[in-house]
């Protein structure tokens, strides 16, 4: 006699580590208007070193001081609308919508990393943008990973005046940590000057949209990053149930905005070779 399968609890899932949420400010605003077109804010940016004047403030013949026009403005939008779930022919269960909600929580971070990198959801800003500044002439000749990280950290401090965020393809984590270029400051992996690194779910495209050859990688730097999340949208069970075929269409949806200001640059690096 064949014995039936016995249902047991699934093993717990350890949360995704060293991704976007470890480095960004994650906010859940109550104002749904934010997720119609997008948001804007006014970051306080820097441009080091500051200019100097040798004249006294009260000097009549003091030469004019040159200042940039206006206030810096950063924008994020339009929103990224993620959804996930499943179709299930078990309408007697009461946990299907909650399972769709849990599934969204497991993939939102990786998905946002992908779209923040590529902009393929129509979202802006994006890392792989033709206007992204390329450092060290690395588009033509990749620099070492150590030099590349240094260029990015110097750029961020010069443009933002503080700590920003570095971005790297997730598959480079082992190479960069193995070369002792990063250190753990829980819950973050940080570069030598303290900028956290987002090890992103991405194909690693450069500013021109092309993926570098094996052994090379594009790394990016931005100013401080914020992620704004709308409310999770779930249907009620009667709304999700199809009376035609008795299936439950369990779907969870959420809208997001990902943005940064002050600084954005890229550098192509030659990754250090692993040793046996």
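Please treat every number below as a calculation from the coordinates, not as lab data. Since the structure is predicted, the reported quantities are computational estimates derived from the model, not experimental observations. Virtual Cβ from ideal backbone geometry, glycine too; neighbours counted across all protein chains shown.
The figures follow:
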{"item": "Added length on full extension, which subtracts the Cα-Cα distance from 0.36 nm per residue, residue 99 to residue 231", "result": "45.9 nm"}
{"item": "Separation of the residue 83 and residue 247 label points, Cα + 7 Å toward Cβ, nm", "result": "1.5"}
{"item": "For peptides 33-40, 200-207, 221-228, sequence by mean Cβ density within 10 Å, most packed first", "result": "221-228, 200-207, 33-40"}
{"item": "Diffusion coefficient, µm² s⁻¹, Stokes-Einstein with Kirkwood Rh over alpha-carbon pairs of the chain at 4 °C and 1.567 mPa s", "result": "61"}
{"item": "Length released on extending from residue 50 to residue 183, taking residue separation times 0.36 nm less the Cα-Cα span", "result": "44.8 nm"}
{"item": "Expected 222 nm ellipticity per residue - DSSP helices of 4 or more, -39500 (n - 2.57), all of the chain, to 500", "result": "-5500 deg cm²/dmol"}
{"item": "Length released on extending from residue 27 to residue 146, taking residue separation times 0.36 nm less the Cα-Cα span", "result": "39.6 nm"}
